[in-house]
Amino acid sequence: MQSVAEVRNWVVGHVPLTDSLLGYDLFIKFGNDVLARQPLDTDSIAAGLPYPQQHVAAQLNRMAAAGLVTLVHEGGKCLAQPTAAFLDLLDTYSKMFDRLFIVRSDLRQKQLVVAVSDAELADFAQVLYDRVYDLGWVYLHNFGSACFLMSSLVQRIAAEHGHDARILSCHVNISAPGSNFKLGAPGMAKPGQIDGHAAVVINETAVIDFGLGNIRKGYRRDFPWGAAFDYRRDGPVFGALQAAANETVTWLDDWQSPGTQTELDRYAPHIDALYGDYAARFLG
């Protein structure tokens, strides 16, 4: 909210005629239409705003008087064209906006793979990922490579949101032409690690795994930060998805780390406090 207020204050302070809601909304709408090469006639501009057309037309006249647009009447329509002054303001606004915000959908698409058939659980996985990302939990230097801790947090949060959630000890296999990478399989642990991996089964329908950081460390650095997929049992395999072209990721539980419970117990004393951070940020 602080960033939203900062953007609003900047516009009102730097762009003429934006001290009213109509003026502010028209600046944003007209600027977006210019960049998107949308029709710039009064009818089209007004159609996308919650104000009477005559009010929008009057505001465009004020913008013309202020040197922000030029108005030309052609073929029975009034066409608005941005002036150099407007384009300079729009460029400055865009740079300021980019410093404050990241386009969420683009970022999530790069970091999270969602292959969940249940629409409600797919939405839950995306919202949950956005939140743990905002808390910094999925970064490698935090919990992104601590799968047992991350799974404990996902289980706790999912349960608090009314879902049935359980941690499943497992391992992961990634197969691609000419390569095969294993996460959490026996004998794969490096010094200071234990063999094994963990993910969370939600409502016996979907699986959420936000603890994939060691794949980025050991396999490829642009591997997704998180995955959500259908819980479908096929022998030891309980889920699979495509992370990239010709690359199949499979989750299996035919071998489960004997150190699973020890790891979960090790992190248990920290879960209440971390969940408290989540609740204070998003549920308070």
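The values are calculated or read from the model by the stated rules, or taken from the named source; none is laboratory data. None of these values were measured; they are calculated from a predicted model. Positions of Cβ are generated from backbone atoms using ideal geometry, with glycine treated the same way; all protein chains shown enter the neighbour counts. These area figures cover heavy atoms from the full protein model, side chains too; ligands, DNA and RNA do not enter into them. Shrake-Rupley method; radii C 1.70, N 1.55, O 1.52, S 1.80 Å.
Tabulated results
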{"quantity": "Residue list for segment 37-59, restricted to those being assigned to a helix (DSSP H, G or I) and open to solvent by less than 70 Å² (accessible area, probe 1.4 Å)", "calculated": "42, 44, 45, 46, 56, 57, 58, 59"}
{"quantity": "Test result for residue 276, open to solvent by less than 40 Å² (accessible area, probe 1.4 Å), within 23 Å of residue 162 (Cα to Cα) and not hydroxyl-bearing (Ser, Thr, Tyr)", "calculated": "yes"}
{"quantity": "Qualifying residue in segment 270-284 (condition: in contact with a strand residue (DSSP E or B) (Cβ under 7 Å, 6 or more places away or on another chain), outside any helix (DSSP H, G or I) and not aromatic (Phe, Trp, Tyr))", "calculated": "no"}
{"quantity": "Pairs where the first residue, in segment 230-259, is closer than 21 Å to residue 220 by Cα and the second is at pLDDT below 95 and open to solvent by 30 Å² or more (accessible area, probe 1.4 Å), C-beta under 7 Å, 6+ apart", "calculated": "246/177; 248/242"}
{"quantity": "The listed residue being assigned to a helix (DSSP H, G or I) and at pLDDT 90 or above, out of 34, 12, 4", "calculated": "34"}
{"quantity": "Condition met for residue 220 (closer than 21 Å to residue 190 by Cα and without any contact (Cβ under 8 Å) to a residue 12 or more places away in the chain)", "calculated": "yes"}
{"quantity": "Qualifying residues in segment 61-105 (those that are aliphatic (A, V, I, L, M) and over 19 Å from residue 16 (Cβ atoms)) - the one modelled with the lowest pLDDT", "calculated": "102"}
{"quantity": "Selected residue (criterion: least open to solvent (accessible area, probe 1.4 Å)) from residues of segment 231-267 that are of a type in the set (Gly, Ala, Ser) and in contact with a Ser or Thr (Cβ under 7 Å, 6 or more places away or on another chain)", "calculated": "257"}
